[in-house]
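First the structure, in the form of structure tokens, and then the observations on it.
The values are calculated or read from the model by the stated rules, or taken from the named source; none is laboratory data. Since we're looking at a predicted model, the values are computed, not measured. Every residue, glycine as well, gets a Cβ built from its backbone with ideal geometry; the counts of neighbours run over all protein chains shown.
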Amino acid sequence: MPSVTTTPARALHILPHQGVSGRTRAVIEFVRHERMDGAADELVLTQRPLDVDRDFLAPATPVHFLGLLESSTAKRARRLADLAVSREARVLHAYTEADARLAARAARLEPGLAAVATPFERPDAAGLFERRRRARDLRSLRALHVPSPALVDDWTAAGRAPDSVTVASVDTGRFHPQKLESSWRKARLPDPGTMLVGTLMRAEPGKRHDVLIEAVERRNAAGRATALMMVGDGPGFSALKERVRGSDHLFARRRVLDAPGFFGKIDVFALHAEDELVPISLLEALSCGCASVVADRGDVAQLVGADAALFTEPGDVDAVGEALDRLGDPAERGALEEAARKRALERHGLGRLRQETVAAYG
């Protein structure tokens, strides 16, 4: 989808697609705020064009599709460099390893064009020669940031020590504590004492919806009324939807349009993904003052703080159930809600991230 604007762009932000992942939401939120301040940043999609049925929509944010999917990296880098020149952009900002390397190669083709990267994952496994090529691409970046301290060592070993840890952030003004009345909840959960657990994570292997489902089933079997709302598209959504069909306490939806409102209608947020390092949905929950139960081997707690949520080992149904039992106590849940919001305000505000990121644009 070509841009229809004529204002020169300061930076092109490169994403594989405009889907509903946490990283995508975070980048689009960043770009929206930059544009509100007149920066004219734009988006570039490298893997597929905008799909209005599947994507996180960003009205008034110009989006370009790079295309040339079957072409060589050299051709795609040339196309990206030409796009940057046509938009008068001086910075390419990437958020995956593949896009960072593409941006680095594009920047080498045009004097004055720079590449910046903020990868949300650890480097991919690679053979010797590919590691050397990757190290060269990383060294040519103007700046390499990581959104979590857990990623510093991995990227250093890949050939480029990060210039800074620009901790992942959310709009703490939009995502704020609120307790909302829900007609959906009243209609489907007539018992006002039911604990409504919500989760936002893609329906795919490794996200372990099964652990949350089993923990909720056990609580109901023990007479502690509990419901689970699972939100997230993905290859496993159809199976997940079939799994909850006919249930009066298990529910699944592809997406929510009002994410802050979602957190205002649930009692507890749960995240049980085995591979999460930078869970934006958790940061959104913390910012909304939501008590959270999170599967983690230490990396997520390092990002958000050990007192911002209750952490369990991945796959441990009993531990999830015990954490939900603890949060059944209004006093304990209230204390965790307060700690969550405090942590978000202190460390995960979008304004701080914007200042740190824009400083690297030069």
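Here are a few things to note about the model shown:
- When the residues of the stretch 87-103 are filtered to those that are in contact (Cβ under 8 Å) with a residue 40 or more places away in the chain and closer than 18 Å to SER71 by Cα, the one that is surrounded by the fewest Cβ atoms within 10 Å (Cβ to Cβ) is ALA98.
- Subset of the stretch 160-192 (residues that are surrounded by 15 or more Cβ atoms within 10 Å (Cβ to Cβ), of a type outside the set (Lys, Arg) and more than 25 Å from the chain's Cα centre (by Cα)): SER182, LEU189
- Answer residue from the stretch 32-55, given it is in a loop (DSSP other than H, G, I, E, B) and β-branched (Val, Ile, Thr) and is modelled with the lowest pLDDT among those: VAL52
- All positions within the stretch 322-357 that are of a type in the set (Gly, Ala, Ser) and assigned to a helix (DSSP H, G or I): ALA323, ALA331, GLY334, ALA335, ALA339, ALA340, ALA344, GLY351
- Any hit, the stretch 272-292, residues being under 20 Å from the mean Cα position of the chain (by Cα), in a strand (DSSP E or B) and closer than 30 Å to ASP153 by Cα: yes
- Residue in the stretch 227-246 that is closer than 30 Å to ARG134 by Cα, acidic (Asp, Glu) and not assigned by TED's automatic domain parsing to the domain that holds ASP124 present: no
- Residues of the stretch 175-212 classified as of a type in the set (Ser, Thr, Tyr) and either touching a Ser or Thr at 6+ places or on another chain (Cβ under 6 Å) or closer than 24 Å to LEU350 by Cα (or both), total: 1
- Answer from PHE269, PHE262, PHE237 - the residue that is among the aromatic types (Phe, Trp, Tyr) and free of Cβ contacts under 8 Å to residues at least 60 places away in the same chain: PHE237
- Residues in the stretch 3-31 that are surrounded by fewer than 18 Cβ atoms within 10 Å (Cβ to Cβ) and out of contact with any Pro (no Cβ under 8 Å at 6 or more places or on another chain) were compared, and the one that is modelled with the lowest pLDDT is THR6.
- Total residues in the stretch 299-316, condition touching a residue at least 60 places away in the same chain (Cβ under 8 Å) and surrounded by fewer than 19 Cβ atoms within 10 Å (Cβ to Cβ): 5
- A search for C-beta distances below 9 Å between a residue of the stretch 139-159 that is under 22 Å from GLU110 (Cβ atoms) and any residue that is aromatic (Phe, Trp, Tyr), counting only pairs 6+ apart in sequence or on different chains, returns ARG142/TYR361; ALA143/TYR361; LEU144/TRP155.
- One residue stands out in the stretch 317-350 among those that are acidic (Asp, Glu) and over 24 Å from GLU274 (Cα atoms): the one that is surrounded by the fewest Cβ atoms within 10 Å (Cβ to Cβ), namely ASP329.
- Within the option set VAL268, VAL211, being out of contact with any His (no Cβ under 8 Å at 6 or more places or on another chain) and β-branched (Val, Ile, Thr) holds for one residue only, VAL268.
- The residues of the stretch 170-216 that are part of a loop (DSSP other than H, G, I, E, B), within 19 Å of LEU271 (Cβ to Cβ) and in the same structural domain as ALA295 (by TED's automatic domain parsing), listed by number, are MET201, ARG202, ALA203, GLU204, PRO205, GLY206, LYS207, ARG208.
- Per-region count, the stretch 127-158, residues assigned to a loop (DSSP other than H, G, I, E, B) and over 25 Å from the mean Cα position of the chain (by Cα): 2
- Screening GLY234 with (1) in a loop (DSSP other than H, G, I, E, B); (2) over 23 Å from PHE175 (Cβ atoms) gives one miss only, at (2).
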